[in-house]
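The values are calculated or read from the model by the stated rules, or taken from the named source; none is laboratory data. Just so you know, these numbers come straight off a predicted model, no measurement behind them. Please note: Cβ atoms are built from the backbone with ideal geometry, for glycine as well, and neighbour counts cover all protein chains shown.
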Amino acid sequence: MERAAMRRGRRGTGWAVLTMTALMLMSSPWAAIGGSTGELVDDAIITSKVKASLVADPTVSALDIKVETSQGVVNLTGIVSSEQERQRAIRLAQDVEGVKRVEASNLFVKH
């Protein structure tokens, strides 16, 4: 009888952990601003693809550019050597699937 009660207790614990996890995800700051965990994953994938594009391009210094994505909007931040490099970084980000818009007002050209 004790074993059966322990098994029921363990099963109940699994559901409790699952329920708590779901509640935490739903009450996250991301959910509070209207996002979903799916969007969060999509944004991470977009960020990774933009970074990979920057690294693969020999005309862009990827280490000097920070990439962040929120709800499909890519933000490029940093200092680049020329306006051509800045425009190339913007174009590479725009070409990534899933990107809604590229914000580069904080991507500056070194003088």
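Some points to look at:
- Condition check for S48: out of contact with any Phe, Trp or Tyr (no Cβ under 9 Å at 6 or more places or on another chain), assigned to a helix (DSSP H, G or I), hydroxyl-bearing (S, T, Y) and surrounded by fewer than 18 Cβ atoms within 10 Å (Cβ to Cβ): yes
- Summed over region 52-83, residues that are farther than 24 Å from V41 by Cβ and assigned to a helix (DSSP H, G or I) total 3.
- Hits in region 84-106 (condition: in a strand (DSSP E or B) and either closer than 14 Å to K51 by Cβ or outside the structural domain of S48 (by TED's automatic domain parsing) (or both)): V102
- Region 51-65: number of residues that are loosely packed, with under 13 Cβ neighbours inside 10 Å and touching a strand residue (DSSP E or B) at 6+ places or on another chain (Cβ under 6 Å): 0
- Test: K51 is in contact with a Gly (Cβ under 6 Å, 6 or more places away or on another chain) and at pLDDT 95 or above: no
- Residue within region 10-19 that is among the charged types (D, E, K, R), in a helix (DSSP H, G or I) and at pLDDT below 60 present: yes
- Annotation: of all residues in region 84-105 being of a type in the set (K, R) and surrounded by fewer than 16 Cβ atoms within 10 Å (Cβ to Cβ), the one that is farthest from V41 (Cα to Cα) is R91.
- Pair list, Cβ < 8 Å and 6+ apart or interchain, from region 63-86 residues that are on the phi > 0 side of the Ramachandran plot and free of Cβ contacts under 8 Å to residues at least 40 places away in the same chain to residues that are assigned to a helix (DSSP H, G or I) and surrounded by 13 or more Cβ atoms within 10 Å (Cβ to Cβ): Q71/E39; Q71/D43; G72/E39; G72/D42; G72/D43; G72/I46; G78/D64
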